[in-house]
Amino acid sequence: MNTKILIVLAVAALSAADSHSRETFSYAAPRTYSAESLESTEAKYNYQWAISDDSSSNEFNHQEARDNDNTQGSYYVNLPDGRVQKVTYRVDGDSGYVAEVSYEGEAQFPDSDESREYAPPRPSYYDSNESN
């Protein structure tokens, strides 16, 4: 009998404790914000970067500036044949990219040790039943 009373009291205590620990949540109306944007309406930037890798003799350079719809830039790269390729471009409104490409230097092609003469394939002396 004592056990039944203890169980009933324990269940009552747990249910009473559970009802007091519940949190209540409320919903507030959403905040109103002004339609004014803090972002700039003008696109304006200017940047430049360059890379020079002595181990491979590679050099790259890029520069671009923008003021609203007017964008101008240029880049250059060392080509494998020894020339430098320069590209100058502009974007003015909706005209798209307009590029001018130029090359500096003379293309150089060093002599190769490879033979440029034609040689027929060497004959194979395996039987059709043998594998490599």
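The values are calculated or read from the model by the stated rules, or taken from the named source; none is laboratory data. These figures come from a predicted structure and were not determined experimentally. Counting neighbours? That spans all protein chains shown, and the Cβs are built from the backbone with ideal geometry, glycine included.
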Is there any pair linking a residue in the range 43-56 that is more than 24 Å from N78 (Cβ to Cβ) to one that is outside any loop (DSSP other than H, G, I, E, B), with Cβ under 6 Å and at least six apart or on different chains, and which?
A43/R66; K44/D67; Y45/R66; N46/A65
Odd one out for A119 among (1) in a loop (DSSP other than H, G, I, E, B); (2) of a type in the set (A, V, I, L, M); (3) surrounded by 10 or more Cβ atoms within 10 Å (Cβ to Cβ)
(3)
Regarding the range 80-90, can at least one residue be identified that is surrounded by 10 or more Cβ atoms within 10 Å (Cβ to Cβ), among the charged types (D, E, K, R) and modelled with pLDDT under 90?
yes
